[in-house]
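Colleague: Below are the structure tokens for one structure; questions will follow.
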Amino acid sequence: MRRFIRGAVILLVAFWVFPVLAEDKKPAVPDASRDLDKKPGKKLDASRDLDKKDTGTSEKMLKAGQLQGNILTIVESKKSLRLQITITIPKLNQGALNGYLQAQQNLQRALLNTNPQQRLQQMLQAQQQMAQHQAQMYQPESITRDVELQTIEDVKVRMLTPPPQFDDKGHVKKYTAKELKELRGPDPKLPGYQAEFGDLHEGQVVQVHLVKKKGGPTAAPVRRGGKGADVDALVQNLPQVAMIVVVADPPK
């Protein structure tokens, strides 16, 4: 009987003590506290990332097309230049429009013809006239305007051909491959060769690359042969110049 009582007491003590020891070994609480300590650090990193994104987008410039023309005047103190540009726009040919409408009426009359052979011949003739008048519906018209362009602060100037170099006898000296690479500058993706704003002069044919600030007013698109282009609106809403490429010098 005593042995039975002792065994029961030992079982009761083991049943009570072992769960307590098991609970002491669980690391759930310390790990949770460490996770909570890490969360504030992640929030700080996210705020720094947002600051970087805001800084980048606020200064971003968007491409706004290209123009080509002759330099009329240069104001080096303001880094601005005046160009003479020629824009080609379509102009409605009223005679072709009237002919197209008349051919449409001829086609409708041909459909009412009860003679199958005559109906087919008249339909083909009317369709041919419609295609001819439609091809002549718009005719290109060239309009020349003088525009004042302001450059950005760090405008890039490039030349399609390197400046000529001469030897002691005054003969044109050919550049080496290494010299041409140096003249192109550090960015090989840019067209032509490095130049300065002071290298620009009147009479040069230049191509200007335009940019605008993100979120700023949108200029009217400059498209060759675009329908209904308002030339005056194009001139008044031109963005700034980010790069000037000298295409050709004036004939001497």
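The values are calculated or read from the model by the stated rules, or taken from the named source; none is laboratory data. Please read these numbers as outputs of a predicted model, since none were measured by experiment. Positions of Cβ are backbone-derived with ideal geometry, glycine not excepted, and every protein chain shown enters the neighbour counts.
Colleague: Take the residues in the range 58-96 that are in contact with a Gly (Cβ under 8 Å, 6 or more places away or on another chain) and hydrophobic (A, V, I, L, M, F, W, C), then tell me which one is farthest from Val208 (Cα to Cα).
Modeller: Among them, the one singled out is Ile89.
Colleague: Output the residues belonging to the range 134-192 that are surrounded by 10 or more Cβ atoms within 10 Å (Cβ to Cβ) and of a type in the set (Ser, Thr, Tyr).
Modeller: Selection gives Tyr138, Thr144, Thr151, Thr161, Tyr175.
Colleague: Looking at (1) at pLDDT below 90; (2) over 18 Å from Arg145 (Cα atoms), which is the one condition that is false for Arg184?
Modeller: Result: Arg184 fails condition (1) only.
Colleague: State which residue is surrounded by the most Cβ atoms within 10 Å (Cβ to Cβ) when the search covers only the range 208-232 and only residues that are modelled with pLDDT of 55 or more and under 16 Å from Ile87 (Cβ atoms). So that I can check it myself, show each step before the final result.
Modeller: Within the range 208-232, the subset modelled with pLDDT of 55 or more is 208-215, 230-232.
Remaining after also requiring under 16 Å from Ile87 (Cβ atoms): 208, 210, 230-232.
Numbers: Val208: 24, Leu210: 20, Asp230: 12, Val231: 15, Asp232: 10.
The extreme case among them is Val208.
Colleague: Tally the residues that are in a helix (DSSP H, G or I) and surrounded by 12 or more Cβ atoms within 10 Å (Cβ to Cβ), restricting the search to the range 193-207. Break it down stepwise before answering.
Modeller: Narrowing the range 193-207 to residues in a helix (DSSP H, G or I): 197-199.
Keeping just the survivors that are surrounded by 12 or more Cβ atoms within 10 Å (Cβ to Cβ) gives 197, 199.
Of the residues in the range 193-207, 2 are in a helix (DSSP H, G or I) and surrounded by 12 or more Cβ atoms within 10 Å (Cβ to Cβ).
Colleague: Same structure, new question: With the condition kept exactly as written, say whether any residue in the range 79-99 is basic (Lys, Arg) and either touching a Pro at 6+ places or on another chain (Cβ under 8 Å) or not assigned by TED's automatic domain parsing to the domain that holds Met243 (or both).
Modeller: Yes, there is a match, as at least one residue in the range 79-99 is basic (Lys, Arg) and either touching a Pro at 6+ places or on another chain (Cβ under 8 Å) or not assigned by TED's automatic domain parsing to the domain that holds Met243 (or both).
Colleague: Same structure again: Examine the range 141-156 for a residue that is in contact with a Pro (Cβ under 9 Å, 6 or more places away or on another chain), at pLDDT 90 or above and within 30 Å of Gln94 (Cβ to Cβ), and state whether such a residue exists.
Modeller: Checked against the condition, which is being in contact with a Pro (Cβ under 9 Å, 6 or more places away or on another chain), at pLDDT 90 or above and within 30 Å of Gln94 (Cβ to Cβ), the range 141-156 yields at least one hit.
Colleague: Condition (residue is outside any strand (DSSP E or B), touching a residue at least 12 places away in the same chain (Cβ under 8 Å) and touching a Lys or Arg at 6+ places or on another chain (Cβ under 9 Å)) applied to the range 176-191: is it met by at least one residue?
Modeller: Of all residues in the range 176-191, those outside any strand (DSSP E or B) come to 176-191.
So of that shortlist, the ones also touching a residue at least 12 places away in the same chain (Cβ under 8 Å) come out as 180, 183, 190-191.
With touching a Lys or Arg at 6+ places or on another chain (Cβ under 9 Å) added as a condition, the list becomes 190-191.
Looking for residues that are outside any strand (DSSP E or B), touching a residue at least 12 places away in the same chain (Cβ under 8 Å) and touching a Lys or Arg at 6+ places or on another chain (Cβ under 9 Å), one finds at least one in the range 176-191, hence yes.
Colleague: Same structure, new question: Please state which of the following conditions Gln165 fails to meet, knowing it meets all the rest: (1) modelled with pLDDT of 90 or more; (2) under 28 Å from Pro186 (Cβ atoms); (3) more than 26 Å from the chain's Cα centre (by Cα); (4) not acidic (Asp, Glu).
Modeller: Just one mismatch for Gln165, condition (1).
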